[in-house]
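This report concerns only the one structure given below.
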């Protein structure tokens, strides 16, 4: 079986590549924006087939599909950071929306070439739900979509486009809505990775034991990225008529709890300093999802304890920090 992962050299893509290499009978192909293997996949690059492609270039994406002839496609390539979308909405909309159209159209046209199109998993985001009243949580797939920033709007748009390809062309399209996920190699733009890097810098003596934070009372649903990629793969064999699935742990953690866990893991106590620049107007107080539909359809459940996730994030950044000394 041939599996094509767009954005395979990103945070999630690299973990997905590692997972797929352990699946019997799977050949792993991936698109990268620049030629060569990025740092996240350099250690496994010899086991992958990499294709350089900007997903906004529909002609190039189609050529990749025709060369690879994938059986399954996991579409990860995107601009993933909400603040970046607020600063530059045009770029986010171009990458996320037009890039997804390129992938779906390539799947459709290669299906016409060979008689059967590949199955496509389009990765959306829990951000499409926007602000949801606490009484209406955990959030299910039936909750209305109320995107409140350009990133969320782009993901909601890709879902509608994906559904149109499913209905109009009979393309086998599934949609995953991951909530917050965490793990080694994640950009420090995201809170668990940012804190992990800061604690690593403190542990190495490069920084004072002080942490600048935003709203640490906010509660978020975190899932280990290694559990997330297992869920993506399981969805291809899901046993329901549904096409949209939350990918989440079903449990909320206060950001304050994340700091406390890092303190316990590292043995380092930190001074917490509030920073206005860390506050975001689109943040919600509570954001927790239901994974019931996913569990019933696939038997999936998260297995990596959150404490272990944070430990691995810290150890990753500790290694990166030590290399810089």
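Each reported figure results from applying straightforward, stated rules to the coordinates on display, with no laboratory input. Just so you know, these numbers come straight off a predicted model, no measurement behind them. Cβ atoms come from the backbone with ideal geometry, glycine included; neighbour counts cover every protein chain shown.
Of the peptides 21-28, 7-14, 56-63, the ranking by mean beta-carbon count within 10 Å, highest at the top, reads 7-14, 56-63, 21-28.
Modelled spin-label separation between residue 295 and residue 307, with each label point placed 7 Å from Cα along the Cα-to-Cβ direction: 2.2 nm. For residue 42 and residue 23, the difference between the fully extended length at 0.36 nm per residue and the C-alpha to C-alpha distance is 4.9 nm.
Gain on full extension, evaluated as 0.36 nm per residue between residue 160 and residue 239 minus their Cα-Cα distance, stands at 26.2 nm. With the convex hull drawn over the C-alpha atoms of the chain, the volume per residue is 133 Å³. The Rg/Rh ratio for segment 2-178, using Cα coordinates for both the radius of gyration and the Kirkwood hydrodynamic radius, is 0.98. Here's the picture: a label point sits 7 Å out from the Cα of residue 168 along the beta-carbon direction, and within segment 28-68 the residues with their amide nitrogen under 20 Å of it are 56-63.
The slack between residue 116 and residue 268, meaning 0.36 nm per residue of separation minus the straight C-alpha distance, is 49.1 nm.
Using a Gaussian network model of the chain in which every pair of alpha carbons under 10 angstrom is joined by a spring, one finds that among 178, 117, 209 the greatest mean-square fluctuation is at 209.
Packing order of peptides 188-198, 31-41, highest average first: 188-198, 31-41 (average count of other Cβ atoms within 10 Å over each peptide's residues). Its Kirkwood hydrodynamic radius, worked out from the mean inverse distance over all distinct Cα pairs, puts segment 169-325 at 16.9 Å. When DSSP beta bridges are restricted to pairs lying wholly in the chain, around 10% turn out antiparallel. For segment 256-271, backbone nitrogen atoms closer than 18 Å to the point 7 Å from residue 217 Cα along Cα-to-C-beta are found at 256-260. Averaged over residues, the count of other Cβ atoms within 10 Å places the peptides 96-102, 217-223, 83-89 in the sequence 96-102, 217-223, 83-89, highest first. Centre-to-centre, using Cα atoms only, segment 1-35 and segment 131-196 are separated by 21 Å. FRET efficiency for the residue 2 to residue 88 pair, using the beta carbon distance and R₀ = 51 Å, is estimated at 0.90. Rounded to the nearest 500, what is the chain's calculated 222 nm mean residue ellipticity when only DSSP H runs of at least 4 contribute -39500 (n - 2.57) each, over all residues? The helix contribution divided over the chain gives -12500 deg cm²/dmol.
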